[in-house]
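The values are calculated or read from the model by the stated rules, or taken from the named source; none is laboratory data. Everything numeric in this text was worked out from a predicted model, so none of it was measured. With ideal geometry, Cβ positions are generated from the backbone for all residues, glycine too; neighbour counts draw on all protein chains shown.
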Amino acid sequence: MSRLALILSVSLAANAAIGIVAWRQRESAPAAAAPGSPVFAAPPPEAVNPDGIDAEMWLRLVGPEEDEATLTDAENDATLLARLRAAGFPPAALRAIFKRRLDERYAAQEIALIVNQPPATYWQVDRYGDADTAEMRSARRALGLTKSNELRALLGEDADSPATRRLWERRYGGLSAGKVEALETTLADYQEMENAIRMNAGILLPDDRAKLALIGNERQRDIAALLTPAEQAAYDARSGSTAMQVQFRLQDFPVTENEYLALVALQSEFNAEWSYSSTSFTREQRTARTEAQKQLEASVEATLGAERYAEYALKSDSNYLMTKRLTDRLGLPAANALSLAALEKTVREQQNAIYRDRTLSPDGREAQLTTLQAQTRETVAATLTADGAEVYEASFGQWINFIVPPHQPGR
C-alpha cells in the first residue's frame with residue numbers, strides 16, 4: 001500500500017487536514033521539502049482532528065515508507081496500531097482505519113468474485129430478487145469472515161463497537177465475540193440451506209418439509225455443540241424459534257422477565273410435542289392438539305391472572321397486531337385497534353347465534369347475516385375512517401366478507 005493511500009485511510013480528520021494544507025499550498029507556493037521530511041507539509045497548529053490529536057502527529061505515524069517493503073501485512077498493522085494507540089486514537093477511529101485497510105487488502109479478491117461469476121440477466125432472478133448463486137453468497141460470506149477475524153485478532157475487544165456488543169447481549173446473552181462469530185456463521189450456513197430448498201421448491205412438498213425439519217434438527221445439534229447449557233438457555237430465551245414466537249405475541253403486551261420466561265417455557269413444552277412437522281396430523285392427533293392448545297392457554301392464564309390474560313388474548317392476536325400497525329399509521333388511538341379486536345369476537349358470536357337459531361328460514365338467516373355484515377362495516381369505517389376501513393378489509397379483515405357465506409351454484 002502506498003504511503004499516500006495509507007495516510008488517507010487514517011481518519012476523516014486526516015482528509016480535512018490535507019484539504020486545508022492543499023488549499024494553503026495553492027495560495028502560496030511552499031519551499032522545497034528537506035530530505036527526510038514528511039511527504040506533506042505540516043498544517044498549522046490549529047488544524048487538529050475532533051479527538052484533539054495534532055495533524056502533524058498522525059501524518060508521521062505511518063513511519064518511513066521503506067519499512068513497509070520488509071514487513072508483512074500483519075506486522076505493518078501491528079506497528080501502525082501501536083503508534084495510533086500511543087497517539088490516543090479512540091477505538092471507533094481504529095475500527096474505521098483498519099476496516100479500510102482490510103477492504104483495500106482484499107479488494108482484488110472481491111473483484112474476482114464478481115468477475116468470475118457467471119453472466120446474470122436483470123430479468124431472470126430468483127423469486128426473492130437475488131441473481132447471485134449460492135456459491136457466490138457463500139464465497140462472499142467467507143471473505144467477510146476472514147476480514148472480520150483479522151480485525152478481531154488485531155484490535156481485540158476494540159474490534160466491536162459498544163452498539164454491536166449491546167446488540168449481541170440482547171440476541172445471544174453474554175457470549176464472547178468469538179462464539180458470536182461462530183454462532184452467526186452456523187446460523188447463516190443453515191439459513192442458506194433452508195433458502196435453497198424454499199427457493200428451488202416454490203411450493204413445498206412433504207419431502208421438502210422433511211428436509212427442512214432435518215436441517216432444523218441439525219442446526220439445533222450444532223448450536224448445542226457450540227454453546228454450554230447456560231449459554232444455550234440464554235440464546236434460546238432471546239433468539240430461539242420459540243422465543244421469537246412468544247415475542248411476536250408480546251409486541252403490545254408488556255410482561256416482566258419472569259413472566260416472559262414462564263411463557264417461553266410453556267410454549268416450548270407445547271412445541272416439543274405438537275409443533276407442526278413434515279407430516280400431517282391424523283384426525284385424532286388434531287383433536288388431541290386442540291385439547292393441548294386449550295391446556296396451554298389455561299396455563300398462560302394461570303401465569304398472568306384472569307384480568308391480564310383477557311388483555312393478552314386480545315393483544316396477542318395477529319389480526320390485532322396488524323390492526324394496531326394500521327391505527328398507528330393513521331394516527332388513531334391504540335384503543336381503536338382493541339375495539340376492532342373485540343368487535344371481531346362479538347360479531348363471530350352473533351354469527352354463530354344466527355346459525356344456531358333453528359326458527360330462521362334460509363332467507364331469514366341470510367337477511368340477518370347481511371344486516372350484521374353491513375353494521376360491522378359501518379362500525380369499522382367509524383373506527384378507522386373510510387380509507388382505513390378499505391385497507392383493513394382488503395388486508396386482514398377478510399372475516400367481514402365471510403359473515404355472509406358466498407352463494408354456491410345449485411343451492
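Just checking, does the stretch 202-216 include any residue being acidic (Asp, Glu) and within 17 Å of residue 237 (Cα to Cα)?
Let us first name the residues in the stretch 202-216 that are acidic (Asp, Glu), namely 207-208.
Checking which are within 17 Å of residue 237 (Cα to Cα) leaves us with none.
There is no residue in the stretch 202-216 that is acidic (Asp, Glu) and within 17 Å of residue 237 (Cα to Cα).
A quick yes/no check of all residues on (1) surrounded by fewer than 12 Cβ atoms within 10 Å (Cβ to Cβ); (2) in contact (Cβ under 8 Å) with a residue 24 or more places away in the chain:
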{"site": "343", "(1), (2)": "no, yes"}
{"site": "349", "(1), (2)": "yes, no"}
{"site": "354", "(1), (2)": "no, no"}
{"site": "360", "(1), (2)": "no, no"}
{"site": "363", "(1), (2)": "yes, no"}
{"site": "366", "(1), (2)": "no, yes"}
{"site": "376", "(1), (2)": "no, yes"}
{"site": "386", "(1), (2)": "yes, no"}
{"site": "390", "(1), (2)": "no, no"}
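What pairs come up if the first residue lies in the stretch 164-178 and is on the phi < 0 side of the Ramachandran plot, the second is not in a helix (DSSP H, G or I), and their beta carbons are under 8 Å apart, counting only those six or more places apart or on different chains?
Note: pairs meeting the criteria are 168/160; 168/175; 175/227; 177/160.
Do any helices (runs of 4 or more DSSP H) lying entirely in the stretch 240-321 carry at least 1 residues that are among the β-branched types (Val, Ile, Thr) and without any contact (Cβ under 8 Å) to a residue 12 or more places away in the chain, and which ones are they? Let's see the steps before the verdict.
On the way: elements: 241-249, 257-274, 283-304, 306-315.
Correct list: 283-304.
Scan the stretch 322-341 residue by residue and report those that are free of Cβ contacts under 8 Å to residues at least 40 places away in the same chain, farther than 17 Å from residue 250 by Cβ and either touching a Cys at 6+ places or on another chain (Cβ under 9 Å) or hydrophobic (A, V, I, L, M, F, W, C) (or both).
Selection gives 335 alone.
Are any residues in the stretch 190-232 farther than 20 Å from residue 138 by Cα, loosely packed, with under 15 Cβ neighbours inside 10 Å and touching a residue at least 40 places away in the same chain (Cβ under 8 Å), and if so, which ones?
Correct list: 202, 206, 210.
Is it the case that some residue within the stretch 375-387 is under 22 Å from residue 316 (Cα atoms), small (Gly, Ala, Ser) and modelled with pLDDT under 95?
no
Applying the selection to the stretch 129-144, what residues are part of a helix (DSSP H, G or I) and either of a type in the set (D, E, K, R) or closer than 24 Å to residue 247 by Cβ (or both)? Give the steps one after another, and end with the answer.
As a first pass, look at the stretch 129-144 and keep what is part of a helix (DSSP H, G or I): 134-144.
Scanning the stretch 129-144 gives 135, 137, 140, 141.
Would you please name the residue that is nearest to residue 106 (Cα to Cα), looking only at residues in the stretch 145-162 that are assigned to a helix (DSSP H, G or I) and among the hydroxyl-bearing types (Ser, Thr, Tyr)? Before the answer, list the steps.
Step one: list which residues in the stretch 145-162 are assigned to a helix (DSSP H, G or I), which gives 145-159, 162.
Then keep just the ones that are among the hydroxyl-bearing types (Ser, Thr, Tyr); that gives 146, 148.
Details: 146: 10, 148: 12 Å.
Restricting to residues being assigned to a helix (DSSP H, G or I) and among the hydroxyl-bearing types (Ser, Thr, Tyr), the top hit is 146.
Can you tell me how many residues within the stretch 163-215 are of a type in the set (Lys, Arg) and not in a helix (DSSP H, G or I)? Give the steps one after another, and end with the answer.
Narrowing the stretch 163-215 to residues of a type in the set (Lys, Arg): 165-166, 170-171, 179, 198, 209, 211.
From what's left, not in a helix (DSSP H, G or I): none.
Result for the stretch 163-215: 0.
Can you spot a residue in the stretch 118-139 that is surrounded by 15 or more Cβ atoms within 10 Å (Cβ to Cβ) and at pLDDT 80 or above?
The answer is yes, given that some residue of the stretch 118-139 is surrounded by 15 or more Cβ atoms within 10 Å (Cβ to Cβ) and at pLDDT 80 or above.
Among the residues of the stretch 361-378, are any under 12 Å from residue 340 (Cα atoms) and either in contact with a His (Cβ under 8 Å, 6 or more places away or on another chain) or polar (S, T, N, Q) (or both)?
yes
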